[in-house]
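A.B. asks: Supplied in C-alpha cells, the structure appears directly below.
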Amino acid sequence: FFCSKNAQYEHKWTDDRMNPTLLRTFDFDSPTAAGGSCSVGQAWAKVPEDLPGQRRDELKARIRTLLRRENAVLVAHYYVDAELQELADETGGCVADSLEMARFGRDHAASTLVVAGVRFMGETAKILSPGKRVLMPDLDATCSLDLGCPLDAFSAFCDAHPDRTVVVYANTSAAVKARADWAVTSAIALDIVADLHARGEKILWAPDRHLGAYVQSQTGADMLLWQGSCLVHDEFKGMELELLRAEYPQAKVLVHPESPPAVVAQADVVGSTSQMIKAACELDATHFIVATDQGLLYKMRLAAPGKVFIAAPTAGGSATCKSCAHCPWMAMNGLENLAGCLERGAGEILLDPALGRQARRPIDRMLDFAARRDRRVKASGDLARDAALFSAVGPA
Ligand code: 13P
Ligand code: SF4
C-alpha cells in the first residue's frame, strides 16, 4: 500500500512580491523535515493490523465500558475505520465532518472527548473545550496540510501582507490558527469568504491551494494563496476521471474541494464530506463517482442504500502514489489504540492556555457565522418561525 518514493511538497505563495528566501520544501517521508510529527512512511507503518473477529469484539466491549466509566464520548471523522464509526454512532457520539465534530465536542456534556481523526481535530476540540480532557488514539496522526504550513514561514507570509484578512483552513495547528482572523472548514469556506469579499476585504488564504483556488473562482475574492495540498485529494486525476465518466455516463460526480481543479471542474457537486453524503442521498441518480478518502463510502452506503459508489481514479499503483485515496494518518486510528488511550489516559492533547485562547477567536468567529447562517437558512422554510425571528427587526 505504501510507496517509499519521497514526495516533495513546495510551500510557497503565488505573489509577484514573493521572497525566494521564504520558499520551503517539505519532505513528508523525513520526520525531521516534517517537524517531528509522523511522516507518511511512519504513518503507514503504524496503521493497525487486521485483528481476528474475537479480539475485535473484546476490544469493542471494552471501549463501550471505558467510555461509560470515563464519562467520555467518541467523536469520529468519516475517514476513520468503519468499526470506529459504528462505535461512535452506537455509543451516542458522532461521526461527522470537521465542522460538526468541533460543534459536537464543544456542546456535549461529557468530561472527556475522544477524538478519532487527526491532530488538528483534537486540538480544535481542546481549544473549544479547555476544561475537558481530550484524548486521541495516536497523537502522531497528523495532516499534510498542517505539516506543510509551519508557523514561522506562515507568520512571515502574514507579516508581508498586513492589509489582508487572514483566513486559515481548519487543517492547521493551533499556533497557525492563533495567527489568523478566521478559521474555516470546507463546509463553510465559500460562505465566509463570500461575506468577507462583499465587505471589501482582501484575503490571505492558507494552506490548501486547491480549496483556495476553488473558493476564489466561486466568490471572485482577491485571495493570496499558500501552496499546501492534501496528500490524498491531490492524487485524483482529471484525465482518468474523464475516462471513468465515459464508462458511467449516468453517474453523478461528487468531489471534495481539496481536489485539483481538473477534477473539481468535472463535479456535479463540490462539498465537504457531510455535503457529499447529503448530495448522494438527495440527487436523483443511482451511480456516483466519489473523489475523496474512501473511508467516506461506508457512511454513504449506509445513508443511500441501493446506490452505487465508485472511487474516483488516483495515481494508484504508480510510483508516486502516497495514499491511494486513503489518508495514512486517519488510518492510524484503531480499536487497540482507542481502548489504550481510554484505559491509560494516554494521547492527551495538552495546549498552552494562552495559545488556546488566541486560537479560539477565529474558530468562534466561524462557529458564530455558521449559527447565524443556519438560522437564516431555517428562516426561509418555516413561516411561523420566520415571523418570530423577524419580530424584532424594524423598518429598513
Ligand atoms: P471535512 O471538513 O470535509 O470533513 O474535511 C476534512 C478533511 O481533512 C478532508 O480531507
Ligand atoms: Fe489532511 Fe488530507 Fe488526511 Fe484530510 S485527508 S486529514 S486533508 S492529509
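A.B. asks: Only Cα pairs under 8 Å and at least 6 apart count here; give the relative contact order of region 138-281 as a rounded whole percent.
C.D. replies: That works out to 20 percent.
A.B. asks: Using each residue's phi in region 338-355, evaluate 6.51 cos²θ - 1.76 cosθ + 1.60 at θ = phi - 60° and report the 3J(HN,Hα) Karplus result to the nearest Hz, with x for Gly and Pro.
C.D. replies: These are the phi-based 3J(HN,Hα) values: 5, 4, x, 5, 6, 5, 10, x, 7, x, 7, 7, 10, 10, 4, x, 5, 5 Hz.
A.B. asks: What residues have an amide H closer than 5 Å to that of Ala116, excluding those fewer than 5 places away on the same chain, when H is modeled at 1.01 Å from N in the peptide plane?
C.D. replies: Val75, Ala76, His77
A.B. asks: OK, next. Below 8 Å, C-alpha to C-alpha, sequence gap of six or more: please give me the relative contact order for region 205-354 in percent.
C.D. replies: This gives 21 percent for region 205-354.
A.B. asks: If you don't mind, there's one more thing I want to ask. Under 5 Å between amide H atoms, partner at least 5 residues away or on a different chain: which partners does Val253 have, H built in plane at 1.01 Å?
C.D. replies: Correct list: Asp268, Val269, Ile289.
A.B. asks: Which shape class applies to region 240-369: rounded if a/c is under 1.5, otherwise prolate when a/b exceeds b/c and oblate if not, where a ≥ b ≥ c are the square roots of the Cα gyration tensor eigenvalues?
C.D. replies: It is prolate, given that a/c is not under 1.5 and a/b is the larger ratio.
A.B. asks: Okay, moving on. Could I have the simple spin-label model distance between Glu86 and Arg344, label points 7 Å from Cα toward Cβ, reported in nm to one decimal?
C.D. replies: Result: 2.7 nm between the two label points.
A.B. asks: In nm, what is the difference between 0.36 nm times the number of residues separating Glu58 and Ala198 and their Cα-Cα distance?
C.D. replies: The span from Glu58 to Ala198 would gain 44.9 nm if fully extended.
A short reminder: the numbers here are calculations on the coordinates, not readings from a lab. These figures come from a predicted structure and were not determined experimentally. For neighbour counting, all protein chains shown are included, and Cβ atoms are generated from backbone atoms with ideal geometry for every residue, glycine included.
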